[in-house]
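Okay, so here's the structure we're looking at.
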Amino acid sequence: MGQAFIETKKRSIEFNSAIRTYSMVIALVAVWAIFAYTTDGVFLEARNFSNLMRQSTITAILSVGMLMVIVTSHIDLSVGSVVGLAGGVAAVAQGWLGWGLEWSILAALATALLIGALQGFLVAYLNIPAFIVTLGGLLAWRGAIKGITEGNTIPVQIPAFKTIGQGYIAPPVGMALAIASVIAIIVITLARERSRRQHGLGSESRFRLVTRIFIPSILVFAFVAAFNRYAGVPVPVLILAVVALAGAMTVEGTAFGRYLYAIGGNTDAARLSGVNVRLHALAAFSIMGVLAGLASIIYTARVGSAAPDAGRLLELDAIAACVIGGTSLMGGRGSVQGACLGALFMASLDNGMSLENYQDFTQDIVKGLILVTAVGIDMIGRRKDG
Amino acid sequence: MSDKNDSFILEMRGISKNFPGVRALDRVSFDLRKGEIHALVGENGAGKSTLMKILGGVYPRYEGEIYLDSRIERFKNVRDSARSGIAVIYQELSLVSEMSVAENIFLGRLPRRRGFVRWNKLYKDAGELLARLNLRLDPRTTARKLGIGQQQMIEIAKALSQRARILILDEPTAALTDSETETLFAILNKLRDEGVALIYISHKLKEVFRLSDRITILRDGRVVAACDTTDTDESRVITAMVGREVSQIFPRRASEPGEMIFEARDITVRDPISDKLLVERVSLSVRRGEVLGIAGLMGAGRSDLLMALFGAQTGRVTGEIFIEGRRALIASPADAISHRIGFVTEDRKRFGLVTDQSILKNMTLAALDQISGRFITHRERETAAGSRAVSDLRIKAHSLRSIAGSLSGGNQQKTVLAKWLLVEPRVLLLDEPTRGIDIGAKQEIYSLINRLADEGLAIILVSSELPEVLGLSDRVMVLREGRVAGEFARSEATPEKVMGCAMGG
């Protein structure tokens, strides 16, 4: 490689989302420790831990989609209303139209996807600002579900549907999945190492290799074991795991993901480098739509019914999760891991404060402060680097 | 011609200004009399705007002295300079389009009584100023409704309302029609007769010779000549502007160009908003291993032409492109890339790099499919390709993960070049490839361009630096106001001929 060259700017290595992720993990562990102490250990009890993780899944799934939208320097304010509408569609399909499990699920996903694609089209091809399009969506889709349900709460008819939100994976199955995951981790890490050597890039130190296999594996086993102590891995958590994994692989490991970051980092340069900016923006909104549909299914399944104002303000939670996790609202920066950790962080605050019988309004104030502080720290850090 | 007034209203002595890596002005002296139009002439980058920015208070740090009415002055900022009676009319107009003419003229200084605007006085005062300029215009007209020429007059009126004694005009006729130009000249002459001192910066020598009393010529940050207009002529001015020893920094090439690989016919580009013709029926062709240089003044349409060839134009484009003899439809950068055309745009920070991302990610952006795979990116293949590029082009950086924005200008430009070389282009378009780069990196890039041509690439090079264009190109095409104004083979191209062609023979 070329000779080393001492840069004048302090931050010369590319913004490493890993650094942000590590600090988020530390913050999370700290919060958990604090709450465990103040609740005399109730916070980390098997049942509460399971509830906590399950509570974070809706926001986390939404934040994966929101990440893609924000990275391309757009925003989606309609997500909560879409969750409400798609969930309502599923419930109505079952209750009033007598559709089965698969078709009602499909209906919800299709509704959400169409909304996402429509909004994406308006933003990407008609150049209407995303803020405006999705603000209009927030109002319109909420109105739609109120109209469809005529203001009533529609119960979920199919028990199998409810397990999506309320069910658990039997402990043996959970453990089997854990083992399978660890095997996958080992195989992938070794394959990557072989590829490095093939391309003459020199091998990683043995220590780093072992760490790269060891730490994720330990985490997988630890989490599954913790869940199994109560009732097993909650189905929503499994769904989140799949979504988060797929999301992370997409944004970090595919050309598509690379282009999203390029578009947010410098739209002109991306366009002049041959990236189809419009199509990628449309895709980001469409993916957000699908994930909102998925979240709506879990949400409606967990509650057991679809209410006209279900999902209210979920978009703000998703945005806050992304931002706390290191996503920049100006685009071009952020990670799936960070967003999910942000969601877990906020859910932990919610859960802990509830356990201590804080009132709702206190929780909201605290969350607001945390959000501003997290971004403020980001901004100050960035200004120092020039 | 007005009476020769021997008192100087302005004297600039020994003005020098450094920027990181470049000495923009080197002991420049410039003076101005009352009731005089003094033209300032020179190539792009010669130092004209730097000098005027110093006078206008934009650059408070410089060496040398400025005397206003024989009193030494040091402007701390733009307001300082404006208060001393210096007004600059820039090319980019700064009117508030939704406000009236009168409000624009007196922007920030609206006549008031107890907080309320005195509209009658406002319109009356504005009317008087417009009359002084022989402008038949209702001061209540909204600025948006005015044509460019009239907007420029309003800027001048604004300057006069601030009791400007020195008026600096930077390329004032660039956007004017012929009749608007005549109106402007009439106004300028009238102002001169009234004793206002004017500095007139322009590339249009015909205008310079019509209007000015004296001419000062800058080249590479120094004054090379200053004289009365009547004592010189256009060709002598051009020679002074561009004549310099061409140092042997361009390695000669031995290879012969191959067959024609790229041809463009009747390329026309219209501005998407104003429908103005930016490029008019330009045709060109390039052969393998050949470097076609495109020279011309700023605004001649060179970059617009390249954008059109690359499918990146936002304006309306007509014309045809042929690659290896076959008609190619290039409607987007992706199309161009699939035909293996690369485009190193000007302004690398704005258009060439995602400055927050790593060198590696920037380099692989245009050819990600080829290097890494259509869907899953293979980090190892990418890293290998990136490492090869870094050593090949001798890019100096900590690592492939260094942020592109932290590199020096030369290394940034090499990163952009690496991006396009990874596309394995057959045709490479370069727009101002060495702008803002130190001399060492420039030479490296020149060697690179020569090497690429030797390897059979067809290269189209746009550059405002005449030595660069003349030293690297096998043929030089000159654009003027969107049209082809001339073509020269390497052997017959001289700086004077090319510049003369660019400025309007």
* Looking at this structure, is residue A:219 within 14 Å of chain B (Cβ to nearest Cβ), assigned to a helix (DSSP H, G or I) and either among the acidic types (Asp, Glu) or free of Cβ contacts under 8 Å to residues at least 60 places away in the same chain (or both)? -> no
* Do you know which residues across segment A:28-63 are out of contact with any Ser or Thr (no Cβ under 9 Å at 6 or more places or on another chain) and more than 18 Å from residue A:234 (Cα to Cα)? -> A:29, A:30, A:33, A:34, A:36, A:37, A:38, A:39, A:40, A:41, A:42
* (1) in contact (Cβ under 8 Å) with a residue 12 or more places away in the chain; (2) closer than 25 Å to residue A:343 by Cβ: which one isn't true of residue A:33, the others all being true? -> (1)
* Would you be able to say whether some residue in segment B:372-383 is among the aliphatic types (A, V, I, L, M) and crowded, with 22+ Cβ neighbours inside 10 Å? => no
* Asked: Considering segment A:75-97 alone, what residues qualify as being surrounded by fewer than 24 Cβ atoms within 10 Å (Cβ to Cβ) and over 23 Å from residue A:129 (Cβ atoms)?
  -> A:92, A:93, A:95, A:96, A:97
* To do: Return the only residue of A:333, A:312, A:258, A:278 being surrounded by fewer than 24 Cβ atoms within 10 Å (Cβ to Cβ), without any contact (Cβ under 8 Å) to a residue 40 or more places away in the chain and of a type in the set (Lys, Arg).
  => A:258
* To do: Confirm whether residue B:225 is modelled with pLDDT of 90 or more, part of a helix (DSSP H, G or I) and touching a helix residue (DSSP H, G or I) at 6+ places or on another chain (Cβ under 7 Å).
  => no
* Scan segment A:246-257 residue by residue and report those that are within 14 Å of another protein chain (Cβ to nearest Cβ) and part of a helix (DSSP H, G or I). => A:246, A:248, A:249, A:250, A:251, A:252, A:253, A:255, A:256, A:257
* Tally, over segment A:258-275, of residues that are part of a helix (DSSP H, G or I) and at the interface with another protein chain (Cβ under 8 Å from one of its Cβ atoms) -> 10
* Failed item in (1) buried (at least 19 other Cβ atoms within 10 Å of the Cβ); (2) farther than 25 Å from residue B:349 by Cβ, with residue B:483 passing the rest -> (1)
* Which condition does residue B:446 not pass, out of (1) buried (at least 22 other Cβ atoms within 10 Å of the Cβ); (2) at pLDDT 90 or above, if it passes all the others? -> (1)
* Structure fact -> Among strands (runs of 3 or more DSSP E) completely within segment B:2-86, the ones holding 2 or more residues that are hydroxyl-bearing (Ser, Thr, Tyr) are none
* Which numbered condition residue B:367 misses (of (1) over 23 Å from residue B:442 (Cα atoms); (2) more than 7 Å from every other protein chain (Cβ to nearest Cβ); (3) surrounded by fewer than 20 Cβ atoms within 10 Å (Cβ to Cβ)) -> (3)
* Asked: Hey, among the residues in segment B:324-334 that are farther than 18 Å from residue B:430 by Cα and in contact with a Phe, Trp or Tyr (Cβ under 9 Å, 6 or more places away or on another chain), which one's farthest from the other protein chains (Cβ to nearest Cβ)?
  -> B:324
* Only one residue in A:79, A:92 is more than 23 Å from residue A:245 (Cα to Cα) and either of a type in the set (Val, Ile, Thr) or at pLDDT below 95 (or both). Which one? -> A:92
* Scan segment B:382-396 and give yes if some residue there is facing another protein chain (nearest Cβ under 8 Å), among the hydrophobic types (A, V, I, L, M, F, W, C), over 26 Å from residue A:251 (Cα atoms) and out of contact with any strand residue (DSSP E or B) (no Cβ under 6 Å at 6 or more places or on another chain), otherwise no. => yes
* Please go through segment A:148-173 and pick out each residue that is surrounded by fewer than 20 Cβ atoms within 10 Å (Cβ to Cβ), in a helix (DSSP H, G or I) and of a type outside the set (A, V, I, L, M, F, W, C). => A:159, A:162, A:163, A:166, A:171, A:172
* Hey, can you tell me all the residues within segment B:340-360 that are facing chain A (nearest Cβ under 7 Å) and among the basic types (Lys, Arg)? => B:350
* To do: Can you confirm whether segment A:286-297 contains a residue that is buried (at least 24 other Cβ atoms within 10 Å of the Cβ), within 18 Å of residue A:371 (Cα to Cα) and of a type in the set (Ser, Thr, Tyr)?
  => no
* With respect to the numbered conditions (1) buried (at least 18 other Cβ atoms within 10 Å of the Cβ); (2) closer than 15 Å to residue A:337 by Cβ; (3) out of contact with any helix residue (DSSP H, G or I) (no Cβ under 8 Å at 6 or more places or on another chain), which one is the sole condition not fulfilled by residue A:248? -> (3)
* Can you confirm whether segment B:187-205 contains a residue that is surrounded by 16 or more Cβ atoms within 10 Å (Cβ to Cβ) and of a type in the set (Asp, Glu)? => no
* Asked: Tally time: how many residues in segment B:196-222 are closer than 21 Å to residue B:165 by Cα and either part of a strand (DSSP E or B) or modelled with pLDDT under 90 (or both)?
  -> 9
* **Residue that is farthest from residue A:266 (Cα to Cα) [pool: residues in segment B:419-435 that are within 11 Å of chain A (Cβ to nearest Cβ) and assigned to a helix (DSSP H, G or I)]** => B:420
* Do the conditions hold for residue B:438, that is, is it more than 9 Å from every other protein chain (Cβ to nearest Cβ) and crowded, with 18+ Cβ neighbours inside 10 Å? -> no
* Asked: If a residue has to be in contact with a helix residue (DSSP H, G or I) (Cβ under 7 Å, 6 or more places away or on another chain), assigned to a helix (DSSP H, G or I) and under 18 Å from residue B:365 (Cα atoms) to count, how many in segment B:401-412 make the cut?
  -> 2
* Please determine, by comparing only the residues of segment A:75-118 that are over 18 Å from the mean Cα position of the chain (by Cα) and either of a type in the set (D, E, K, R) or not in a helix (DSSP H, G or I) (or both), which one is nearest to residue A:159 (Cα to Cα). => A:100
* To do: Could you please tell me which pairs satisfy a Cβ distance under 6 Å, a separation of 6+ or placement on different chains, a first residue in segment B:397-409 that is at the interface with chain A (Cβ under 7 Å from one of its Cβ atoms), and a second residue that is modelled with pLDDT of 85 or more?
  => B:397/B:359; B:397/B:407; B:401/B:358; B:402/B:359
* Asked: Pick from A:19, A:6: which is out of contact with any helix residue (DSSP H, G or I) (no Cβ under 7 Å at 6 or more places or on another chain), over 25 Å from residue A:258 (Cα atoms) and either at pLDDT 90 or above or within 13 Å of chain B (Cβ to nearest Cβ) (or both)?
  -> A:6
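The values are calculated or read from the model by the stated rules, or taken from the named source; none is laboratory data. In this text the structure is predicted, and so the values were computed from the model without any measurement. No Cβ is skipped: glycine too gets one built from the backbone with ideal geometry, and neighbour counts run over all protein chains shown.
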